[in-house]
Amino acid sequence: MKSLPLPLRVAAGLAVTAVEQARKLPQSLAGLPVTVASVAMQASMRAQQHLTELAIKGDEALATFRTAEEAPEWATFDEDVDLSEPAAEAKAEEQPEPEEDGGPEALPGYDDLTFAQLRGRLKSLTAEQLEEVLAHERARADREAFVRMLTNRLTTVRGS
C-alpha cells in the first residue's frame, strides 16, 4: 500500500487531535479558572520582579548624585553595635569592679552581666527600671555600648 501525501496525513492528525480535545473539554473546563489564575499570577510576579530590578538599577545610578545621609543616633538598634573591632569588644565586655549591692535594684547582679546577657534581660524592664539601670551604668563604668543599648531600649519602651 502506498503512503498518503504528508499534508493529508498531517490534516488527519489535526482532526483526530481536535476530536480528542473536544471530548476532554468538559473535564478541562473545571480546571480552567485555576489555570488562568495561575498564569495571571506568574505574569504579575514577573512584572514585579522586572519593576524591582529597574528600581534597584535606578537607585544605583542615582546614588552617585546623592550625598550619604548620616543615620541619626536614635535609630541605632542593639544589633547595630559593632563588636567586630577588638577595642569595641573589649570595652563592651569589660566588667567593672563589683559593688557591694551588685547593681541597681531593678536588675540585681547587673555589674556581673555581659553585654549579651544584659540584652536578653532588657525586654522585661519598665521605663523606670531602665532609667535606674542607665543611671547606674553612667555613674559606674559608663561603657559606650551599654549606654547606647540602654538608651535605645528606653526610647523604644517610651515610644510604645
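The values are calculated or read from the model by the stated rules, or taken from the named source; none is laboratory data. Nothing here was measured: the structure is a model prediction, and the numbers come from that model. All Cβ positions, glycine included, derive from the backbone under ideal geometry; neighbour counts span all protein chains shown.
For the reader, a short list of remarks on this structure follows.
- Near pairs, Cβ below 8 angstrom, 6+ apart or cross-chain, from the range 139-160 (in the same structural domain as residue 116 (by TED's automatic domain parsing) and over 11 Å from residue 127 (Cα atoms)) to any residue that is among the aliphatic types (A, V, I, L, M) and outside any helix (DSSP H, G or I): 145/81; 145/83; 148/81; 149/81
- Among the residues of the range 128-147, those identified as in contact with a helix residue (DSSP H, G or I) (Cβ under 9 Å, 6 or more places away or on another chain) and either buried (at least 16 other Cβ atoms within 10 Å of the Cβ) or at pLDDT below 90 (or both) are 130, 131, 133, 134, 136, 137, 140, 141, 143, 145, 146.
Conditions tested, residue by residue: (1) under 30 Å from residue 18 (Cα atoms); (2) surrounded by 10 or more Cβ atoms within 10 Å (Cβ to Cβ); (3) in contact (Cβ under 8 Å) with a residue 12 or more places away in the chain.
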{"residue": "28", "(1), (2), (3)": "yes, yes, no"}
{"residue": "35", "(1), (2), (3)": "yes, yes, no"}
{"residue": "38", "(1), (2), (3)": "yes, yes, no"}
{"residue": "46", "(1), (2), (3)": "no, yes, no"}
{"residue": "49", "(1), (2), (3)": "no, yes, no"}
{"residue": "52", "(1), (2), (3)": "no, yes, no"}
{"residue": "55", "(1), (2), (3)": "no, yes, no"}
{"residue": "58", "(1), (2), (3)": "no, yes, no"}
{"residue": "66", "(1), (2), (3)": "no, no, no"}
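- Residue 116 part of a helix (DSSP H, G or I), at pLDDT 60 or above and either in contact with a Gly (Cβ under 9 Å, 6 or more places away or on another chain) or not assigned by TED's automatic domain parsing to the domain that holds residue 140 (or both): no
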